Amino acid sequence: MLKTKPRGRHTSIDRKACGRLPDAKTHACKIIDGVAVSARIRSEIKSRAARLTAQGLQPGLAVIIVGSNPASRVYVRNKIRACEEVGIRSYRYDFAADADPAAILSCFLPGPMTG
């Protein structure tokens, strides 16, 4: 079992524990800095979004929420916030839990729904 050490609100794997992993003989362990990796990825996305916007193409993320699950709402709120930080436009569409799936899709797809 891997031992972990608390690190702020996150947990990090004990470096000695890497040697006890089942495939440690064939695969090297590498501890990564997730915050730094995330910052680098967001920076790249921000510059790509800016280039697209300069070309007249506004990148966007559309989110469809059906129902009122609190965890889903938190997840979507965080995605929308992340979009704002990197220059991506977000679109949020909320529907009642009992909404007809065909009616939801008809709001976004051209032409009549057949199935």
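Please report, ordered by residue number, the helices (runs of 4 or more DSSP H) entirely within the stretch 1-108 with at least 2 residues that are at pLDDT 95 or above and of a type outside the set (S, T, N, Q). Explain how you work it out, then say what you get.
Working: elements: 34-54, 70-86, 101-106.
Where helices (runs of 4 or more DSSP H) fall fully within the stretch 1-108 and carry at least 2 residues being at pLDDT 95 or above and of a type outside the set (S, T, N, Q), they are 34-54, 70-86.
Restricting attention to the stretch 33-91, the residues being within 30 Å of Ala102 (Cα to Cα) and of a type in the set (S, T, N, Q) number 6. Summed over the stretch 54-112, residues that are touching a residue at least 24 places away in the same chain (Cβ under 8 Å) and under 24 Å from Ile41 (Cβ atoms) total 15.
The values are calculated or read from the model by the stated rules, or taken from the named source; none is laboratory data. In this text the structure is predicted, and so the values were computed from the model without any measurement. No Cβ is skipped: glycine too gets one built from the backbone with ideal geometry, and neighbour counts run over all protein chains shown.
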